[in-house]
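Visitor: I'd like to ask you about the structure that follows.
The values are calculated or read from the model by the stated rules, or taken from the named source; none is laboratory data. Small disclaimer: the values here were computed from a predicted structure and weren't measured. Note: ideal-geometry Cβ built from the backbone for every residue, glycine included; neighbour counts use all protein chains shown. Keep in mind that these areas ignore ligands, DNA and RNA; they rest on the heavy atoms of the full protein, side chains included. Shrake-Rupley method; radii C 1.70, N 1.55, O 1.52, S 1.80 Å.
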Amino acid sequence: MIDLPLTSDRLTIRMMRSEHLAGLVAYRNDPEVARFQDWEVPFSEAMAERLIIGQADLDGPSNDAWVQLAVEVRGTAVGDVAVGIHDEGRQATVGYSIAVDEQGKGYATEALGAVIDALFAVPGMHRIVATTDPQNAPSRRVLDKLGFRFEGRSLKSVFVRGEWVDDDRFALLASEHAGLNHTNVVTPDDRA
Ligand SMILES: CC(C)(COP(=O)(O)OP(=O)(O)OC[C@H]1O[C@@H](n2cnc3c(N)ncnc32)[C@H](O)[C@@H]1OP(=O)(O)O)[C@@H](O)C(=O)NCCC(=O)NCCS
């Protein structure tokens with residue numbers, strides 16, 4: 001569906017494999033990264049291994065599968081973008097995490113932007129969706145920067161570590177993406 005690796009100004013985005021396991025375990029266990037995410041904490045090496053083995057036969061996002069892509073800076077994983085393709089390849093759902101030490105550098109925006117560009121280059125891709133906790137301001141900001149449109153809030157709809165929390169839905173249509181007057185690559189100059 002999309003040819004990996006993707007490259008942007010600073011990042012390489014490729015399928016998450018065993019060499020990314022230690023990084024994944026480290027940032028998934030960081031309370032700041034896990035706070036609004038529904039994975040189990042502690043997130044063990046065995047869980048990471050299952051995730052990576054579960055996608056060993058895939059070489060990229062594919063229909064009815066959920067894949068984790070590693071986001072690398074100079075060969076070191078700093079986070080991931082997750083992609084789920086559904087509706088016979090016409091819609092996708094995305095998620096993203098960046099290790100705390102690497103946050104605030106524009107990496108999530110750059111990585112997600114590159115993934116979105118690649119997904120919308122696939123013939124027939126119609127809509128991309130992301131959801132986030134309303135309190136997750138950095139995540140919302142990433143979606144705003146990439147042109148996602150707020151679609152609505154589902155109250156107490158996601159069960160995260162013993163608590164029902166609200167969930168905001170954002171989406172971007174292919175037609176909206178085509179009309180955006182920017183590339184999805186954020187350069188240090190753009191951010192100055
Ligand atoms: C959300 C997340 C991926 C963003 O990663 P990142 O690489 O820091 O993102 P970027 O640097 O591309 O952009 C972050 C933006 O949020 C802004 N921001 C950071 N903290 C903020 C806050 N408390 N309030 C408002 N905006 C905030 C930054 O200033 C930046 O915007 P700017 O470029 O206009 O200055 C990262 O915070 C993360 O991994 N969080 C934990 C996992 C998570 O919640 N993922 C999203 C699940 S839906």
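Visitor: Out of all the residues in segment 84-95, which are open to solvent by less than 60 Å² (accessible area, probe 1.4 Å) and of a type outside the set (Ser, Thr, Tyr)? So that I can check it myself, show each step before the final result.
Guide: First, the residues of segment 84-95 that are open to solvent by less than 60 Å² (accessible area, probe 1.4 Å): 84-85, 89, 91-95.
The answer is GLY84, ILE85, GLY89, GLN91, ALA92, VAL94, GLY95.
Visitor: Further, regarding this structure: Being open to solvent by less than 70 Å² (accessible area, probe 1.4 Å) and without any contact (Cβ under 8 Å) to a residue 24 or more places away in the chain is the requirement here; does GLY79 meet it? Can you show your working first?
Guide: Values: open to solvent by less than 70 Å² (accessible area, probe 1.4 Å): yes; without any contact (Cβ under 8 Å) to a residue 24 or more places away in the chain: no.
Answer is no for this residue.
Visitor: Residues of segment 142-176 being in a loop (DSSP other than H, G, I, E, B) and open to solvent by 20 Å² or more (accessible area, probe 1.4 Å), which ones? Write out each step before concluding.
Guide: Quick first cut of segment 142-176, residues in a loop (DSSP other than H, G, I, E, B) only: 146-148, 161-162.
Hits for segment 142-176 are GLY147, ARG161, GLY162.
Visitor: Take the conditions within 12 Å of the ligand (Cβ to nearest atom), in contact (Cβ under 8 Å) with a residue 12 or more places away in the chain and not in a strand (DSSP E or B) and apply them to VAL25. Does it pass?
Guide: Numbers: within 12 Å of the ligand (Cβ to nearest atom): no; in contact (Cβ under 8 Å) with a residue 12 or more places away in the chain: yes; not in a strand (DSSP E or B): yes.
No: the conditions fail for VAL25.
Visitor: Among the residues of segment 54-72, which ones are over 14 Å from GLY89 (Cα atoms) and surrounded by fewer than 16 Cβ atoms within 10 Å (Cβ to Cβ)?
Guide: GLY54, ALA56, ASP57, LEU58, ASP59
Visitor: Across segment 1-22, what is the number of residues that are farther than 18 Å from GLY60 by Cα and either open to solvent by less than 50 Å² (accessible area, probe 1.4 Å) or part of a loop (DSSP other than H, G, I, E, B) (or both)?
Guide: 2
Visitor: Mind listing just one residue for me: the one in segment 137-166 that is among the polar types (S, T, N, Q) and free of Cβ contacts under 8 Å to residues at least 40 places away in the same chain and, of those, farthest from PRO42 (Cα to Cα)? Full working, then the answer.
Guide: Filtering segment 137-166 for residues among the polar types (S, T, N, Q) gives 139, 154, 157.
Filter again for free of Cβ contacts under 8 Å to residues at least 40 places away in the same chain, leaving 154, 157.
On the way: SER154: 27, SER157: 23 Å.
For segment 137-166, the residue satisfying everything is SER154.
Visitor: Now for a different question. Does PRO138 satisfy the condition of being modelled with pLDDT of 95 or more, more than 17 Å from LEU180 (Cβ to Cβ) and part of a loop (DSSP other than H, G, I, E, B)?
Guide: Working: modelled with pLDDT of 95 or more: yes; more than 17 Å from LEU180 (Cβ to Cβ): yes; part of a loop (DSSP other than H, G, I, E, B): no.
For PRO138, the condition - modelled with pLDDT of 95 or more, more than 17 Å from LEU180 (Cβ to Cβ) and part of a loop (DSSP other than H, G, I, E, B) - is not met.
Visitor: Another question about this same structure. Quick one: in segment 96-108, of everything that is under 22 Å from TRP39 (Cα atoms) and buried (at least 18 other Cβ atoms within 10 Å of the Cβ), which residue is farthest from the ligand (Cβ to nearest atom)? I'd like the intermediate steps shown before the answer.
Guide: Taking segment 96-108 and keeping what is under 22 Å from TRP39 (Cα atoms), we get 96-103, 107-108.
From what is left, the residues that are buried (at least 18 other Cβ atoms within 10 Å of the Cβ) are 96-99, 107-108.
On the way: TYR96: 5, SER97: 4, ILE98: 4, ALA99: 7, TYR107: 4, ALA108: 3 Å.
Within segment 96-108, the match that is farthest from the ligand (Cβ to nearest atom) is ALA99.
Visitor: Could you grab me the full set of residues in segment 127-143 that are within 8 Å of the ligand (Cβ to nearest atom) and charged (D, E, K, R)?
Guide: Residues satisfying the conditions are ASP133, ARG140, ARG141.
Visitor: A further question on this structure: Restricting the search to segment 122-136, which residues are in contact (Cβ under 8 Å) with a residue 60 or more places away in the chain and among the aliphatic types (A, V, I, L, M)? Steps first, please.
Guide: Residues of segment 122-136 that are in contact (Cβ under 8 Å) with a residue 60 or more places away in the chain, as a first pass: 122, 132-133, 135-136.
Once the filter is applied, which keeps residues that are in contact (Cβ under 8 Å) with a residue 60 or more places away in the chain and among the aliphatic types (A, V, I, L, M), segment 122-136 yields only VAL122.
Visitor: Right, something else. Determine whether ASP38 is closer than 25 Å to GLN135 by Cα, exposed (fewer than 14 other Cβ atoms within 10 Å of the Cβ) and in contact with a strand residue (DSSP E or B) (Cβ under 6 Å, 6 or more places away or on another chain). So that I can check it myself, show each step before the final result.
Guide: On the way: closer than 25 Å to GLN135 by Cα: yes; exposed (fewer than 14 other Cβ atoms within 10 Å of the Cβ): yes; in contact with a strand residue (DSSP E or B) (Cβ under 6 Å, 6 or more places away or on another chain): yes.
Yes.
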